[in-house]
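The structure appears right after this line, and notes come after that.
The values are calculated or read from the model by the stated rules, or taken from the named source; none is laboratory data. Keep in mind that what you see is a predicted model, and the values were worked out from it rather than measured. Cβ atoms come from the backbone with ideal geometry, glycine included; neighbour counts cover every protein chain shown. SASA here: full protein model, heavy atoms, side chains in, ligands and nucleic acids out. Shrake-Rupley method; radii C 1.70, N 1.55, O 1.52, S 1.80 Å.
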Amino acid sequence: MTSALPTDSQAHRRITLGGAIGIGVGAIVGGGILALAGVAFEAAGPAAVIAFAVNGIIALMTAVSFGQMAKRFPESGGTYTFSRKVLSVEAAFIVGWVVWFASIVAAVLYALGFAAFLQMTLQAWWPDSVWMGSERTSIIAILTVIVLTLWSMRQAGGGGAWINVVKVVVFAGLIVGGIWAVSKQPRETTVGMLAPFAPTGPSGVLIAMGYTFIALQGFDLIAAVGGEVKDPKRNVPRAMVISLIIALAIYLPMLLVLSAVGGVSADGNTPIQELARSNGETLVAAAAQNFLGPAGYWLVLGAGVLSMFTALQANLFAASRIALSMARDHTLPIWMARISARNIPFGAVIATGVLTIGSLVALPDVAAAGAASSLIFLVTFAIAHWLCIVIRIRSTAGSPHAKKDHSRGAAFRKNALKVMPVIGGLACLALAIFQGIAVPTAGIIATVWISVGGLLFLTLLARSARLRDVVDVAANPELVRLRGHVPLVLVPVANPDNAAAMIFLADTLIPNGVGRVLLQNVIVTDEQFDGSENHPAMIRSQRTLARLIGESHRMGIAAETIVSVARNPMNEIARVARLHRCEAVLLGLSEIPETSVELPLEGLLSELQCDVVVLRAPADNPVVMALQSNGEPQVGSESKEKVLHQPWRVVIPIAGRGGHDPLLVRILVSLRRRAECEVIFLRVVSQETSESAAVSMKRDMHRLASMTFSGTSRCVLLRSEDPIETIVREAADADLLILGVQRDGKGRKLFGRFTRHISRQTQCPLMTISHRK
């Protein structure tokens with residue numbers, strides 16, 4: 001086995017269109033209607049077919065929204081992955097956490113359903129079977145989950161295709177037998193069985209819809225395993241729609257047949273609503289026995305065993321892939337993302353299986369848990385519709401530069417795709433509200449699970465998950481657009497000679513092609529300032545502004561400029577940063593003074609509520625000159641040519657707190673995008689540090705390096721009683737030294753004794769970074 005993380009590359013996509021349809025059909029067809037037909041008929045009478053039909057329309061609209069997002073993001077994870085692209089990491093975790101739970105609870109219900117139908121079959125064959133009794137049901141369910149979990153650790157695909165075929169054939173046999181029975185009975189009997197068609201009116205249909213929507217859940221599992229589907233942009237949307245059509249093609253005729261002949265027997269005719277009250281979950285078996293005799297009863301038993309088994313298998317498979325996607329993003333423990341030599345995520349499979357078994361043992365009220373699962377699915381489907389709308393609005397694919405088809409058919413399809421998520425989302429939300437009111441326990445169970453997840457996230461996962469999120473955003477600027485966030489970096493510039501370097505560095509602080517750079521020049525006034533064009537302050541400002549505009553244009557960096565007039569430039573910089581809600585402020589210094597008294601900048605730093613980056617480097621430094629050239633080789637000094645053509649050696653001392661890691665990630669990703677870098681993560685510990693502690697620190701360093709930088713890096717742990725001297729020695733041949741400084745409160749100094757001593761003893765550019773939470 002290996003600890004590598006699986007990818008969604010084409011080489012790992014083994015599920016064909018038929019396999020994807022099989023996952024959907026396996027999850028949808030059979031289990032829901034067998035368990036919930038009685039509830040639907042009891043609530044609405046023959047109009048239950050209307051409830052299923054309307055639910056089918058809502059499900060198809062939801063599948064279309066899922067399909068659009070699956071085309072945009074052909075990855076595993078389903079709703080979690082889609083929310084991960086648009087929402088914050090905290091919100092995406094909650095979505096993934098509840099979807100994972102809903103799939104697990106659905107697996108619990110199908111495991112118990114499989115055990116119940118298997119017991120009914122054994123009882124019919126062997127009345128004195130030792131496996132009879134309610135206490136045996138949980139044992140059979142647990143053993144089945146264990147077997148499927150072990151099987152899933154050896155099988156890469158969803159499997160079970162032949163079972164789906166047999167299951168569909170069995171249901172087709174029931175429908176054909178029912179149609180034959182309808183054709184043989186008098187027309188008056190058929191009409192009488194269907195009248196009144198809606199004995200409880202529209203309210204009964206709504207109640208039936210709320211209880212039975214989960215019978216069509218399962219198409220979303222195809223999106224959950226999208227990273228393993230071949231040609232996912234084409235096959236995932238098709239598989240979801242086709243699996244739903246197959247389910248509805250079985251459900252609707254079967255419900256009509258059950259309504260028309262299910263209550264007709266030699267003992268008299270019983271309306272389907274009354275038959276449902278007396279038979280409950282065994283309604284389909286009782287009705288089939290009425291119109292097909294013992295053969296109908298056996299067909300239902302066979303369909304029940306196969307349906308529950310395939311639904312259990314599909315939910316376990318998809319739930320493990322949701323866990324895998326979350327573990328990749330560090331929103332679940334990373335060991336769940338480990339894979340075997342067969343590219344099977346055994347960590348996620350085991351975690352899903354163990355949690356399913358635990359739920360089988362621990363859940364006190366399985367019916368309420370099933371209602372909670374239905375509630376959660378409805379809420380997440382509503383969220384999926386909303387995500388689809390947001391992604392369409394924010395995606396660059398919908399920009400004015402995209403190709404547009406102005407034909408009438410294309411316009412109709414485009415408008416339909418816009419309307420469907422709105423209607424589908426409102427319908428799912430309305431059904432979720434109904435479910436929460438009708439079954440309050442469902443809301444309680446969902447709330448408890450979310451609370452447990454929130455506690456787990458905040459205590460164990462938050463730091464690594466947020467850091468991973470920063471890495472993804474920095475590497476994929478499209479995520480910034482999808483989240484509706486446009487980062488703004490403020491760059492106050494007083495010295496025009498530093499304009500090029502400051503503009504270039506500001507551009508590295510924002511994702512590539514996304515965000516804004518705001519260049520600020522402050523005209524410092526005094527009592528003699530008259531505002532005339534010939535005043536020295538005005539002349540300096542015009543010269544600086546011209547240089548800023550010229551350098552921005554030359555470097556191809558879109559930057560905005562702002563000119564402020566103020567007596568106190570530091571207060572003005574702080575005001576502009578607050579006014580424009582800047583994400584970061586970049587400041588430049590040629591030298592850091594020995595005392596804070598000599599540096600009015602410290603007063604500004606204590607007022608800023610955003611990230612701060614201070615670059616200390618003289619204008620003639622080779623790295624600064626390289627930055628000013630924007631990576632374009634030019635004739636210059638030997639040291640400058642070295643910087644332009646060889647990897648930059650970046651030294652980053654770390655002390656374990658990691659408060660500035662998100663800002664560090666953005667800088668490293670941007671630097672690597674512009675130049676080859678060799679990053680050295682350096683930690684200095686005391687001579688008295690134990691070997692076990694040193695090993696633990698080194699492991700943490702490697703973890704940090706793997707999460708923050710994907711290029712060439714080294715982790716160096718040195719023992720010394722003089723950390724300043726050690727850092728200075730290691731930075732002797734560095735091209736850039738990055739120091740992370742904690743700035744946790746007003747009045748805290750950015751340049752303390754440690755930073756000042758290092759600054760005074762090093763010649764390379766020093767970048768001081770401070771992340772304000």
Using heavy-atom solvent-accessible surface (probe 1.4 Å) with all chains present, what is the largest-first order of H771, H580?
H580, H771
For the stretch 21-115, what does the convex hull of the Cα positions come to per residue, in cubic angstrom?
123
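Determine the order of W151, W335, W162 by accessible area, beginning with the largest, at a probe radius of 1.4 Å.
The ordering from most to least exposed comes out as W162, W335, W151.
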Grab the DSSP H runs of the chain that are 4 residues or longer, score each as -39,500 (n - 2.57), total them, divide by all residues and round the 222 nm result to the nearest 500 deg cm²/dmol.
-20000 deg cm²/dmol
Please compute the volume of the convex hull spanned by the alpha-carbon atoms of the stretch 438-531 and report it per residue in Å³.
234
Over the stretch 653-718, volume per residue of the alpha carbon convex hull, in Å³:
72
Given K233/K418; K85/K418; K85/K167; K167/K233; K167/K230, which pairs have Cα atoms separated by over 30 Å?
K85/K167
Please report the base-10 log of the normalised intensity I(q)/I(0) for the stretch 192-287, using a Debye sum with one equal scatterer per alpha carbon and no solvent, at each q in 0.14, 0.19, 0.21, 0.25 (1/Å).
-0.68, -0.97, -1.09, -1.35
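Rounded, prolate or oblate: which one fits the stretch 690-733, using the alpha carbon gyration tensor with axes a ≥ b ≥ c (rounded when a/c is under 1.5, else prolate when a/b beats b/c, else oblate)?
oblate
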Orientation-averaged projected area, Cα convex hull of the chain (nm²)
41.5
Taking amide H atoms as placed 1.01 Å from N in the peptide plane, list the residues 5 or more away in sequence, or in a different chain, whose amide H sits under 5 Å from that of S713.
V679
Taking a probe of 1.4 angstrom, what is the accessible area of S696 in Å², to the nearest 10?
40
Helix by helix, which DSSP H runs in the chain go 27 Å or more along their axis at the Cα atoms and have an average Kyte-Doolittle hydropathy of -0.5 or more?
48-72, 89-125, 134-152, 161-184, 232-261, 294-328, 366-394, 408-438, 536-555
Please give the peptides 520-532, 702-714, 491-503 ranked by average Cβ packing (other Cβ atoms within 10 Å per residue), highest first, as a rough proxy for protection.
491-503, 702-714, 520-532
How large is Rg over Rh for the stretch 267-390, taking Rg from the Cα atoms and Rh as the Kirkwood inverse mean of 1/r across Cα pairs?
1.12
With H330 itself left out, Lys, Arg at +1 and Asp, Glu at -1 over residues whose Cβ is under 12 Å from its Cβ give +3
If one computes P(r) from the Cα atoms of the stretch 242-309, what percent of pairs lie at distances over 18 Å?
39
Please list Y211, Y110, Y251 from largest to smallest accessible area, probe radius 1.4 Å, with all protein chains kept in place.
Y211, Y110, Y251
Using mean Cβ contacts within 10 Å as the protection proxy, how do 427-436, 661-670, 34-43 order, highest first?
34-43, 661-670, 427-436
Provide Rg over Rh for the stretch 63-107; use the alpha carbon set for both Rg and the Kirkwood Rh (inverse mean inverse pair distance).
0.99
What ranking, highest mean first, results for peptides 450-459, 230-239 when packing means the other Cβ atoms within 10 Å averaged over each residue?
230-239, 450-459
